[in-house]
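The values are calculated or read from the model by the stated rules, or taken from the named source; none is laboratory data. Keep in mind the model is a prediction, meaning the values are calculated, not measured. In this analysis, Cβ positions are derived from the backbone assuming ideal geometry, glycine residues included, and neighbour counts consider all displayed protein chains. These area figures cover heavy atoms from the full protein model, side chains too; ligands, DNA and RNA do not enter into them. Shrake-Rupley method; radii C 1.70, N 1.55, O 1.52, S 1.80 Å.
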Amino acid sequence: MPLVCVCSPKGGVGKTTLTANLAYALARGGSKVLAIDFDMQNALRLHFGVPIADNRGYVARSADQHDWSQSILTTGGNIFVLPYGDVTEEQRLGFEHNLLHDPHFLRRGLSTVLNYPGLVIIADFPPGASAALKAMSELADLHLVVMMADTASLSLLPQMENDRLIGRPLNNKLGRYFLLNQSDNRRNISRDVTAFMQQRLGDELIGMVHRDESVIEANASQRSIFDFSPVSAAAFDIELIAKRVSGLLDINVGNGEVSATIRTQ
Ligand SMILES: Nc1ncnc2c1ncn2[C@@H]1O[C@H](COP(=O)(O)OP(=O)(O)OP(=O)(O)O)[C@@H](O)[C@H]1O
Ligand SMILES: [Mg+2]
């Protein structure tokens with residue numbers, strides 16, 4: 001089971017939007033995909049048509065329910081969602097305490113899905129260095145760090161390059177790659193930051209997504225960009241990134257059967 005983490009030092013850069021649409025793109029490529037939400041905003045589920053009033057999730061029950069797969073929601077296609085759920089402050093603190101202090105907590109909670117053959121897991125995180133991001137760095141095969149094509153993201157680049165986000169490298173398997181979101185050629189700053197990031201990051205930049213109004217509209221209608229606006233710039237960009245992610249994970253799709261081999265560095 002390849003496991004991809006989508007994170008960022010910055011808030012509001014598009015982590016949740018890209019997690020959801022990469023899940024859609026990987027599922028379109030033939031993979032079975034599980035999208036996991038580690039952010040208490042509990043917004044990832046909304047990208048898969050889960051009603052806003054549906055507050056179910058794995059976190060509230062994680063202290064007693066060792067296997068979190070019982071909280072997975074099906075979405076009708078090849079995509080499954082594990083929502084964070086609506087939690088009390090006490091439940092959130094308990095979850096974070098377990099993540100930080102019980103070395104088996106995460107692996108135990110995810111054991112069923114980790115052992116599900118061929119399942120691709122993609123996880124969304126809150127901004128910054130969360131307890132979940134720290135705990136997940138042991139299990140993840142790949143980290144995607146979302147940055148926006150603006151000066152605020154640019155100022156945080158050294159922090160990421162020097163592994164200061166969680167105090168150690170995010171990923172020791174396939175590594176961490178940057179993903180530049182909301183690049184806009186019509187804006188001078190965006191154009192300059194995009195050019196700088198491309199030059200500075202080289203192959204570490206896995207792709208770029210244009211700023212595209214259809215992304216906002218697709219989100220508002222709880223649909224994927226591929227369903228809402230298949231010929232949009234963002235749909236093209238995200239599809240390309242999904243292909244690169246599949247290539248890194250070595251996901252081979254054929255006759256409905258998915259096999260994944262993790263290459264270790
Ligand atoms: N490529 C894009 N073009 C236009 N708008 C975008 C694009 N990507 C994301 N957005 C918009 O940016 C906003 C923030 O996106 P999103 O919630 O995915 O960010 P986030 O990083 O998950 O935020 P948070 O840190 O709060 O979790 C949303 O309104 C979303 O519709
Ligand atoms: Mg988010």
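Taking the Cα centre of the range 14-58 as origin and assigning +1 to Lys and Arg Cβ atoms and -1 to Asp and Glu Cβ atoms, the resulting dipole is close to 160 debye. Computed from Cα positions, the angle between helix 89-101 and the longest principal axis of the chain comes to roughly 90 degrees.
Rounded to whole numbers, the Karplus 3J(HN,Hα) couplings from phi for the range 15-20 are 4, 5, 4, 6, 4, 5 Hz, using 6.51 cos²θ - 1.76 cosθ + 1.60 with θ = phi - 60°, and x at Gly and Pro. Please list, by residue number, everything in the range 9-34 whose backbone N is under 14 Å from a paramagnetic label point 7 Å out along Cα→Cβ of residue 187. Residues 12-14 qualify, since their backbone N sits under 14 Å from the label point.
Compared with the dominant Cα axis of the chain, that is its longest principal axis, helix 233-249 is turned about 60°. Placing R0 at 25 angstrom, the Cβ-Cβ distance between residue 100 and residue 159 gives a FRET efficiency of 0.75 after rounding to 0.05. Return the percentage of antiparallel bridges among DSSP beta bridges fully within the chain, rounded to the nearest 5 %. Of all bridge pairs located within the chain, approximately 20 percent are antiparallel. Per residue, the chain exposes 45 Å² of accessible surface when a 1.4 Å probe is rolled over the protein heavy atoms with every protein chain present.
Round to a whole number: what % of the accessible area of the range 54-213 belongs to carbon and sulfur, probe 1.4 Å? Don't skip to the end; give the middle numbers.
Numbers: 3510 of 7460 Å².
Percent of accessible area from carbon and sulfur atoms in the range 54-213: 47.
For the peptides 58-64, 123-129, what is the packing order when you average, over each peptide's residues, the other Cβ atoms within 10 Å and list the highest mean first? Walk me through the numbers on the way to the answer.
Working: 58-64: 18.0, 123-129: 20.1.
Ranking the peptides 58-64, 123-129 by packing returns 123-129, 58-64.
Rounded to two decimal places and with Rh computed the Kirkwood way over Cα pairs, what is Rg over Rh for the chain? Provide the component values of the computation, followed by the final result.
On the way: Rg = 17.4 Å, Rh = 18.5 Å.
My calculation puts Rg/Rh at 0.94.
Here residue 52 sits with roughly 130 square angstrom of accessible surface, probe radius 1.4 Å. Approximating the spin labels as points 7 Å out from Cα along Cα→Cβ, the residue 65-to-residue 214 distance works out to 3.7 nm. Give the residues of the range 42-72 whose amide nitrogen is closer than 18 Å to a point set 7 Å from the Cα of residue 108 in the direction of its Cβ. Only 58-71 fall inside the zone, counting backbone N under 18 Å. Ordered from largest to smallest accessible area (heavy atoms of protein chains, 1.4 Å probe), the residues 237, 203 come out as 203, 237.
Rg and Dmax of the range 36-154, both derived from C-alpha coordinates alone, stand at 14.5, 44 Å.
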